[in-house]
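Comments concern the structure below.
The values are calculated or read from the model by the stated rules, or taken from the named source; none is laboratory data. This structure is a prediction, so every number in the text was calculated from the model and none was measured. We place every Cβ from the backbone using ideal geometry, glycine too, and count neighbours over all the protein chains shown. Calculation scope for accessible area: heavy atoms of the full protein, side chains included, ligands and nucleic acids excluded. Shrake-Rupley method; radii C 1.70, N 1.55, O 1.52, S 1.80 Å.
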Amino acid sequence: NDYSCKPQLIRRIVHYATRDAMDIEAFNEKTAQLLYDELNVRKIPDLYTLDMDKVAGLHGLGKKSAEKLNSELEKSKDCELSAFIYSLGIPNVGKKTAKDLAKTFKSFDALTKADIDQLMAVPEIGDIIAQAVYDFFRDHGACAEIEELLALGVKPRDYEDTVSGGYFSDKTVVLTGTLQNYSRDEASAIIEKLGGKTT
């Protein structure tokens, strides 16, 4: 993987911040470009060591944006395991696969140590994805970046199984229309946690 070319790096940082990944609100490609050009952000962990006074001084950002970014970055440190796996941009690993990996391995540590056979045993993961995941966690650049993120306080929570005998146990819930207090994804997550499935 080339971790150094600008467009690819910007893409990776933006992907890391998206809602389905680390959910860092108010972060977009323009912000990523600005941080790259002005504050030398060259890898994802650099986000967590930004000097917020300098961020506040950037054209088009200002104090309020810097404070918002700071609190969003702090909030992102406590994250779901599947969101963290997805945020890393492992080749061929989308949202669904990230969830399957989290469900199977339960902790980030266990996933990073998994061998090909263990990865192949995950439902719906074939040899191509298994190989991609295995290689990713043995890539020097990726490992250095992950270690740095963990050292900076990013802490993916171990996967908790859904509550058996939960309120929605063995039920399938259909979400339609607009929900009052939750986004569709948030509602799905709650229902799944209580044992249900959503369609």
**OP:** Read through the list (1) more than 17 Å from residue 153 (Cβ to Cβ); (2) touching a helix residue (DSSP H, G or I) at 6+ places or on another chain (Cβ under 7 Å); (3) at pLDDT 95 or above, then give the number of the only condition that residue 25 fails.
**Re:** (3)
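Give me a count of the residues in the stretch 27-60 that are of a type in the set (A, V, I, L, M) and either open to solvent by 90 Å² or more (accessible area, probe 1.4 Å) or free of Cβ contacts under 8 Å to residues at least 12 places away in the same chain (or both). Explain how you work it out, then say what you get.
The first filter runs over the stretch 27-60 and keeps only residues of a type in the set (A, V, I, L, M), leaving 32, 34-35, 39, 41, 44, 47, 50, 52, 55-56, 58.
Of the ones still in play, those that are also either open to solvent by 90 Å² or more (accessible area, probe 1.4 Å) or free of Cβ contacts under 8 Å to residues at least 12 places away in the same chain (or both) are 56.
Qualifying residue count, the stretch 27-60: 1.
Condition first: more than 30 Å from residue 134 (Cα to Cα) and open to solvent by 20 Å² or more (accessible area, probe 1.4 Å). Can you find one or more residues in the stretch 4-26 that meet it?
Going through the stretch 4-26, the residues more than 30 Å from residue 134 (Cα to Cα) turn out to be 25-26.
When the remaining residues are screened for being open to solvent by 20 Å² or more (accessible area, probe 1.4 Å), the result is 25-26.
So far as the stretch 4-26 goes, yes, one or more of its residues are more than 30 Å from residue 134 (Cα to Cα) and open to solvent by 20 Å² or more (accessible area, probe 1.4 Å).
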Subject >> Residues that are closer than 17 Å to residue 148 by Cβ and assigned to a loop (DSSP other than H, G, I, E, B), drawn from the stretch 25-46 >> reply: 40, 41, 42, 43
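So for the stretch 134-143 (the condition being in a helix (DSSP H, G or I), open to solvent by 50 Å² or more (accessible area, probe 1.4 Å) and in contact with a strand residue (DSSP E or B) (Cβ under 9 Å, 6 or more places away or on another chain)), does at least one residue qualify?
The initial filter retains those residues of the stretch 134-143 that are in a helix (DSSP H, G or I), namely 134-136, 140-143.
Okay, now just the ones that are also open to solvent by 50 Å² or more (accessible area, probe 1.4 Å), so 134-135, 140.
Narrowing the set further to residues that are in contact with a strand residue (DSSP E or B) (Cβ under 9 Å, 6 or more places away or on another chain) leaves none.
Looking for residues that are in a helix (DSSP H, G or I), open to solvent by 50 Å² or more (accessible area, probe 1.4 Å) and in contact with a strand residue (DSSP E or B) (Cβ under 9 Å, 6 or more places away or on another chain), one finds none in the stretch 134-143, hence no.
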Subject >> Single match in 63, 75, 54, 30 (criterion: basic (Lys, Arg), over 25 Å from residue 98 (Cα atoms) and at pLDDT 95 or above) >> reply: 54
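Name the residues in the stretch 144-163 that are assigned to a helix (DSSP H, G or I) and open to solvent by less than 30 Å² (accessible area, probe 1.4 Å), would you?
Let us first name the residues in the stretch 144-163 that are assigned to a helix (DSSP H, G or I), namely 144-151.
145, 146, 149, listed by residue number.
Applying the selection to the stretch 100-133, what residues are touching a Pro at 6+ places or on another chain (Cβ under 7 Å), within 12 Å of residue 85 (Cβ to Cβ) and either exposed (fewer than 15 other Cβ atoms within 10 Å of the Cβ) or in contact (Cβ under 8 Å) with a residue 40 or more places away in the chain (or both)?
Within the stretch 100-133, the subset touching a Pro at 6+ places or on another chain (Cβ under 7 Å) is 100, 108, 132.
Checking which are within 12 Å of residue 85 (Cβ to Cβ) leaves us with 100, 108.
The answer is 108, and nothing else.
Which is in contact with a Phe, Trp or Tyr (Cβ under 6 Å, 6 or more places away or on another chain) and at negative phi, of 97, 104, 112, 198? Steps first, answer last, please.
Values: 97 fails: in contact with a Phe, Trp or Tyr (Cβ under 6 Å, 6 or more places away or on another chain); 104 fails: in contact with a Phe, Trp or Tyr (Cβ under 6 Å, 6 or more places away or on another chain); 198 fails: in contact with a Phe, Trp or Tyr (Cβ under 6 Å, 6 or more places away or on another chain).
Residue meeting the stated conditions: 112.
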Original post:
Identify, please: which residue in the stretch 157-199 is small (Gly, Ala, Ser) and in contact with a Gly (Cβ under 8 Å, 6 or more places away or on another chain) and is, among those, modelled with the lowest pLDDT?
Top reply: 164
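If only one of 95, 63 is touching a residue at least 40 places away in the same chain (Cβ under 8 Å), in contact with a helix residue (DSSP H, G or I) (Cβ under 7 Å, 6 or more places away or on another chain) and basic (Lys, Arg), which one is it?
Of 95, 63, the one residue that is touching a residue at least 40 places away in the same chain (Cβ under 8 Å), in contact with a helix residue (DSSP H, G or I) (Cβ under 7 Å, 6 or more places away or on another chain) and basic (Lys, Arg) is 95.
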